[in-house]
Structure formats: structure tokens, C-alpha cells
């Protein structure tokens, strides 16, 4: 109920989550909400830690304070990511959101390490914790705030498909686990001389560090240049094959420049006999069509191909079957059936994924063996192209 109210109050046109302006408003709302909740929780836990003498609760308060700092970083990250492209950044500033996620993760790990040192010191020199019923109820109540914040982040992260907001949701969940452990340890400290408070602090610190490392790994991958998801590539291919005049698509290369911001190139096969001006127009129309339906800025390269007669289609199917038999990831494109001087010849290019360990000679041998099943097969004349590994399909 409160989530929907906040979204309606502070996010204009909230249903259009793919719009940059709407994503920005969602990100700012998430940051300021997290800032308010975490500052409140940090103040409460600092007071409880000082009154009770619990290092674990005080360290948990520091963790909430770092979360408040993360919220500020998130707000700035979304604002910077929404800046339009300029001369220094021709592809926009969308990756600033990933940078914000990395900063969030580093802060989480740093606070976890500090938390770990303090907890180990408490194990070496234990102190008694004095938790009254009122203080216990206050700390337990903080779990409800964090639970609400988790669901709030998860909802917004899903709506705008933001790794940074999903990271904040995970952090809230780990905070709940840490607070629960700290609270149980503070209660158990009444009944034993064992340094339960310090041990609980160590466990909570390890949870914080684990969460930070996980977030760091997930947010740094798109900065380094991870390949696009196969669903996005197939969606692009499917849209292009529906465009007028495009008979085939290959060599799709996609680069991510922020959430829902992709730049791509692809080779589009068009009939060789089509007028060159008509080819130019239909490729521009296809690029515009993709821009309407997908978050992709597309540039198409023309690959002229012969119109596929029955004989050509028959041998193309056989060549594709042979390629799939060797490796299902092999792709056949630029296929031509030629008959020069009475000798038939199959010309094509074979796209081999970068993960394939076989060398060129081995692939050619395997291909020749696979084609022997077809009697009177034409001579093969093909080029092996290795995928760049940067999203090439």
C-alpha cells in the first residue's frame, strides 16, 4: 500500500518504466527512501548500542549508516546516468549506474571488514551486554523496517530492471539476517560468559562482506563488457526477419551502455538483384523499426545474396545440418550455390563461437566428413570466422 502511494506521488507517468525520465524518478525515489529509513535505523541502533554496551548492535548501526551513504550514491548514480550524450561520451552516461553499483559494493565490503575487526576485538576482550526488554523490542522492530525496504527495492528493481536497486534489495535482506543474529546473541549474552556478542558480530560481518562481494561481481561485469542475453539477440533477429526485403541476419554484435541502452551492428542479407537505392531505404526502415520496438540503436550492413531456388535451398539445408552435427553453435551464412564451367560449388562462411577449442584444420576435416553422407555433393569453398566473444551471433 505504502509502496504504491510513494510511486504515485513521486513518479510521474510511472507505468512507462522504459522511459529514461521515469527510470530516473524511480531511482531517485529509491535512494531518498533508503536514505530516510537507514538514517532512522542507524540513530536508533547507535542509541541502543551505547545504552546496552553491545558492539554487535553498534556495528549493525554503522552498517545502516553505510546503507544511507549507499542511497546517496545511488541517487547521484541515476542522475549522472540520465545525462544525455555529449562530445566526450557519445554513447551516453548510462554506465554511471553500474559505477554507482560498484561504489555501493565497495562501501559494503569496507564496512563489513571494519565490523569484523571490531567483533574480533570484542571476542578477545569480552564485555557484558545489558539488553532490557524495551531495547530488545526496539531492535526487533527495526527488522520490520528492513523487511519493508527489501520488498520496496525488489519491486522497483524489477520494474526498471536495475542491477543497482536489486543490489540494494539484497543488502537489505542481508541486513535483516545480521540484525537477527545480533539480537539473538545479545539476548544469549545474559546466560553465558562465552563472548556471544563478539561471535555474532563476526558472523554478521561475514554476511555483509559476502553480500558486498556478490554485488561487486554482478555490477562490474557489464562495465567490463559482458555478452547480451540470448533472448535479446533472438528478439532482434526475429524482428529483423519480419522486415521487408531482409532474407537472413547474422554477425549480430551488441554492446551495452547502461540499462536498456544497447548499440548493435548486424549483417542483413538482401537479394542481389535489388536496386541499390531500394536496399539503402529498406535497411534504414528496418533500423527505424527496431528502434521503435527495442532499446537498441542498430546499424545494418548489407550482404547481397542470390535468391534461393529449390536447388540452393536444398544444399543450404544440408550444409546447415552438417554444421549443427559438428557443433550446434556453428552458424552458416552468406551461402551461395554456384555453377561455373559446369562444376557446382557451395560458397559460405561458417561462424565458430570463441569458446570452440578446435582449430581451423580440424573443423574443415570434420565438415568434409559430415558432408560425405550426401552423394554427389558439390565442392565446398567456405571461410571460417571466429566469433569476437563480444555478443557476436
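Summary table below
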{"read-out": "Full-extension gain in nm, residue 359 to residue 88, via 0.36 nm per residue minus C-alpha separation", "value": "93.5 nm"}
{"read-out": "Highest-MSF residue in the chain out of 193, 105, 59 [GNM, Cα springs under 10 Å]", "value": "193"}
{"read-out": "Translational diffusion coefficient (Stokes-Einstein; Kirkwood radius from C-alpha pairs) of the range 163-311 at 4 °C, 1.567 mPa s, in µm²/s", "value": "66 µm²/s"}
{"read-out": "Cα Rg, Dmax (largest Cα-Cα span) when computed across the range 279-369, Å", "value": "16.7, 49"}
{"read-out": "The range 35-106 versus the range 360-375: alpha-carbon centroid distance in Å", "value": "58 Å"}
{"read-out": "Crossing angle, helix 20-52 versus the chain [Cα axis fit, 0-90 degrees, rounded to tens]", "value": "30 degrees"}
{"read-out": "Gyration tensor verdict on the range 132-250 (Cα atoms; rounded if a/c is under 1.5, prolate if a/b is larger than b/c, oblate otherwise)", "value": "prolate"}
{"read-out": "C-alpha long axis of helix 196-224 to longest principal axis of the chain, angle in °", "value": "20 degrees"}
{"read-out": "Top of 271, 175, 317 by mean-square fluctuation, Gaussian network on the chain, Cα under 10 Å", "value": "317"}
{"read-out": "Radius of gyration and Dmax over the Cα atoms of the range 37-180, both given in Å", "value": "17.7, 61"}
{"read-out": "Using a Förster distance of 22 Å, the FRET efficiency for residue 193-residue 51 (Cβ separation, nearest 0.05)", "value": "0.55"}
{"read-out": "Simple spin-label estimate for residue 379 and residue 130 in nanometres, 7 Å along Cα-Cβ", "value": "9.7 nm"}
{"read-out": "Rg over Rh [alpha-carbon atoms, Kirkwood Rh] for the range 166-208", "value": "1.09"}
{"read-out": "Overall dimensions of the chain by Cα: Rg and Dmax, Å", "value": "29.2, 98"}
{"read-out": "FRET efficiency, 1/(1 + (r/R0)^6) with R0 45 Å, evaluated for residue 155 and residue 280 via beta carbons", "value": "0.50"}
{"read-out": "GNM result for the chain, Cα springs below 10 Å: residue of 302, 356, 199 fluctuating most strongly", "value": "356"}
{"read-out": "Calculated log₁₀ intensity ratio I(q)/I(0) where the Debye formula runs over C-alpha points of the range 230-386, q = 0.10, 0.11, 0.12, 0.17 Å⁻¹", "value": "-0.42, -0.50, -0.60, -1.07"}
{"read-out": "Cα gyration tensor shape for the range 327-383, rounded if a/c is under 1.5, else prolate or oblate", "value": "prolate"}
{"read-out": "On Cα atoms only, tilt of 310-326 relative to the major axis of the chain in degrees", "value": "40 degrees"}
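Taken together, the values in this text are just the output of simple stated rules run on the coordinates, not laboratory data. These numbers come from a predicted model, not from an experiment. Note that we place each Cβ from the backbone using ideal geometry, even for glycine, and neighbour counts take in every protein chain shown.
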